[in-house]
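The structure appears below as structure tokens.
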Amino acid sequence: MKKIRNIILAGLLIFSLGACDEDYLDTVKIGEQTSESFYSNDAELIKAANACYSPMWEYHYNWGRTSFGNSTTDDAVDREDLKMREYTYDATAFLFTYNYRYNYRGILIANQLLANVEGEDISGVSDKSLQNRVVGEAKFMRAYYYYDLVKNYGGVPLVTIPLLGDDLNKTRATAAEVYAQIETDLKAAVDVLPLKSEYVASKELGRATKGAALGMLVKVCASQASIGYSNQDFYNKDKWAEAKTYAEQLFALGMYDLYQGAYHDLFSEAEENNEESIFEVQFYDSPLDDGAFTNNGNFTTFLNMPWLGAADPYGRYQATYDLYLEFENDDPRREASLINSVQYADQWILEGETPGVVAEDLTGFSNYKHYLSKENYLALGNFRNSPVNERIIRLSDMYLLYAEACYHTDNEGTARIYLNKVRERARQGNIGVLADVTASGTALLDAIYHERRVELCGEGHRLHDLIRTGRLETELKIDGYKVKASITSDGAGGYVVADSGEPIFKATNLTLPKNIFFPLPQSEVDNTGGLVGQNPGY
């Protein structure tokens with residue numbers, strides 16, 4: 001799938017300008033492809049399906065996933081945009097614009113495929129199962145983009161066909177209507193998408209699968225059922241039962257298992273698309289694409305690598321001391337997920353740099369999941385061209401959402417089993433750490449929340465988890481969190497982590513229900529003359 005990116009269809013077909021003579025205006029230009037002549041054979045259907053994934057590789061879109069999900073929370077700090085953690089951002093922030101537009105670009109490409117392929121008798125297509133599959137891929141990706149939109153902004157314009165002219169003036173649908181369309185698309189995708197195992201032989205891992213569609217249904221139903229959205233039109237606590245059912249259908253596929261190697265390796269290039277992976281964005285290092293922002297690499301790595309006071313690595317995002325403290329003592333995932341700044345500097349001594357010193361260190365930690373060794377990083381043709389895939393849906397995520405769904409459907413015993421499956425994998429056979437959870441009631445639910453934070457940290461889940469569970473204001477504004485630790489070397493190859501003495505940070509500007517959603521990009525509101533209204537409070 002990584003190499004498939006080289007044959008992406010651009011989405012909008014190109015129409016050339018001919019000569020001005022009227023005779024030529026009525027002539028069909030030889031070799032030109034239009035929406036009527038494309039989608040005509042197996043190869044073109046594959047190209048059209050490939051195009052549905054293309055917005056996920058765009059660097060601004062991937063950047064937004066890191067910024068929105070992590071640096072708005074107690075898990076990370078953005079060194080160049082403190083407005084995100086301070087909740088003083090407004091509707092002109094450029095990442096909102098890119099996120100919104102690239103989601104709709106993906107929706108447009110999916111809509112074009114569906115309008116020209118679904119239910120059509122295409123004589124040049126020899127493999128009708130392929131035709132069904134690409135329809136399923138388009139519906140999965142359309143659902144994925146709409147879920148990103150509805151999580152971030154609430155109700156948005158709901159478009160399911162290619163639009164032209166006056167039809168472009170769409171008002172916002174309700175969030176409930178958007179969620180309904182997402183579920184419709186995902187259920188249709190489940191019916192036609194292949195299992196992950198079917199892509200192993202063809203070396204096309206990375207495409208949407210039946211398991212990925214079921215995983216998305218788990219997420220979508222859990223969102224609608226969560227108490228943090230109780231004042232929203234889509235809230236329905238009965239959706240917990242549906243989330244539980246979809247998770248059980250996913251497990252029954254027999255395609256997935258928790259990765260049993262070293263936890264840090266789970267996020268390496270060598271272990272991409274492993275047995276735990278349900279869906280991930282495929283990246284690769286393409287040396288010929290050497291522009292800063294026109295490459296095929298994972299920009300998130302570049303943003304999360306610790307800062308050394310130079311242009312590369314960039315180190316825009318740093319993990320907080322509060323996240324470090326969330327891990328239980330001796331939890332192997334702590335050192336596998338976070339790298340402290342002195343440790344990093346010792347590994348990355350560059351010419352002219354002082355050993356053991358990270359310039360402008362904001363917190364003492366960085367995300368170790370998005371990490372390349374100095375040797376691998378400097379070997380890249382483009383420093384922003386990390387070949388490491390972005391993990392979107394993992395089985396541990398599903399186990400913990402399933403545990404949450406079981407808790408909310410009066411099945412605490414099963415909730416503990418799946419919570420403890422994740423902890424058992426994390427302790428790597430060391431029975432002296434991460435004892436099984438035996439709690440019940442709200443203590444059990446709190447244990448599930450804790451496990452989601454430490455297991456999934458740095459992967460973009462934290463903000464949505466805080467919002468949907470109704471803990472955003474308590475965790476960030478009322479209680480606040482510790483941002484920075486003091487890191488020193490112990491002189492024996494180890495490191496001492498201590499409180500820096502800085503005061504607890506509290507997001508005093510956070511306001512509910514305003515900050516349940518981000519503002520729609522003001523440019524999009526203005527472009528419609530206000531037809532697409534802004535979210536309250538922005």
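For Gly537, are the conditions met, namely being assigned to a loop (DSSP other than H, G, I, E, B) and farther than 26 Å from Val220 by Cβ? Steps first, please.
On the way: assigned to a loop (DSSP other than H, G, I, E, B): yes; farther than 26 Å from Val220 by Cβ: no.
No: the conditions fail for Gly537.
Mind checking which helices (runs of 4 or more DSSP H) fall wholly inside the range 1-108 and carry at least 2 residues that are more than 30 Å from Leu338 (Cβ to Cβ) and at pLDDT 95 or above? Spell out how you get there, then give the answer.
Values: elements: 22-25, 42-53, 59-70, 83-86.
Correct list: 42-53.
Note on the range 119-132: residues that are part of a loop (DSSP other than H, G, I, E, B) and surrounded by 15 or more Cβ atoms within 10 Å (Cβ to Cβ) total 2.
Collect the residues in the range 262-273 that are loosely packed, with under 15 Cβ neighbours inside 10 Å and touching a residue at least 12 places away in the same chain (Cβ under 8 Å), keeping them in residue-number order. Across the range 262-273, the qualifying residue is only Ala262. Do we find that Ala175 is among the hydrophobic types (A, V, I, L, M, F, W, C), surrounded by 18 or more Cβ atoms within 10 Å (Cβ to Cβ) and over 16 Å from Tyr104 (Cβ atoms) in this structure? Criteria met by Ala175. Among the candidates Asn116, Asn152, Asn103, Asn169, the residue that is farther than 24 Å from Leu456 by Cα, surrounded by 15 or more Cβ atoms within 10 Å (Cβ to Cβ) and not charged (D, E, K, R) is uniquely Asn116.
When you look at Phe234, is it surrounded by 15 or more Cβ atoms within 10 Å (Cβ to Cβ), at pLDDT 95 or above and of a type outside the set (D, E, K, R), yes or no?
Working: surrounded by 15 or more Cβ atoms within 10 Å (Cβ to Cβ): yes; at pLDDT 95 or above: yes; of a type outside the set (D, E, K, R): yes.
For Phe234, the condition - surrounded by 15 or more Cβ atoms within 10 Å (Cβ to Cβ), at pLDDT 95 or above and of a type outside the set (D, E, K, R) - is met.
Can you pull out the residues in the range 219-242 that are in a helix (DSSP H, G or I) and over 14 Å from Tyr179 (Cβ atoms)?
From the range 219-242, those in a helix (DSSP H, G or I) are 219-225, 227-229, 239-242; that's our starting set.
Correct list: Ile227, Gly228, Trp240, Ala241.
Those residues that are without any contact (Cβ under 8 Å) to a residue 60 or more places away in the chain and out of contact with any Phe, Trp or Tyr (no Cβ under 6 Å at 6 or more places or on another chain), I need them from the range 374-389; list them, please.
Let us first name the residues in the range 374-389 that are without any contact (Cβ under 8 Å) to a residue 60 or more places away in the chain, namely 374-376, 378-379.
Scanning the range 374-389 gives Glu375, Asn376, Leu378, Ala379.
Restricting the range 240-261 to residues that are free of Cβ contacts under 8 Å to residues at least 60 places away in the same chain and more than 18 Å from Thr414 (Cβ to Cβ) leaves a set whose member that is surrounded by the fewest Cβ atoms within 10 Å (Cβ to Cβ) is Gly254. Only one of the numbered conditions (1) within 21 Å of Ala76 (Cα to Cα); (2) surrounded by 17 or more Cβ atoms within 10 Å (Cβ to Cβ) is violated by Pro503, and that is (2). With respect to being in the same structural domain as Asn329 (by TED's automatic domain parsing), without any contact (Cβ under 8 Å) to a residue 40 or more places away in the chain, crowded, with 21+ Cβ neighbours inside 10 Å and at negative phi, Ala415 fits the description.
Taking the criterion of being farther than 28 Å from Asp526 by Cα and touching a residue at least 60 places away in the same chain (Cβ under 8 Å), the residues of the range 160-198 that qualify are Val192, Leu193, Pro194, Leu195, Lys196. One residue alone among Asn70, Asn103 is touching a residue at least 12 places away in the same chain (Cβ under 8 Å), farther than 13 Å from Asn152 by Cα, in the same structural domain as Phe517 (by TED's automatic domain parsing) and of a type in the set (S, T, N, Q), and that residue is Asn70.
The values are calculated or read from the model by the stated rules, or taken from the named source; none is laboratory data. Predicted model, so just to flag it, every value in this text is computed and none were measured. Cβ coordinates were reconstructed from backbone atoms using ideal geometry, including for glycine residues, and neighbour counts include every protein chain displayed.
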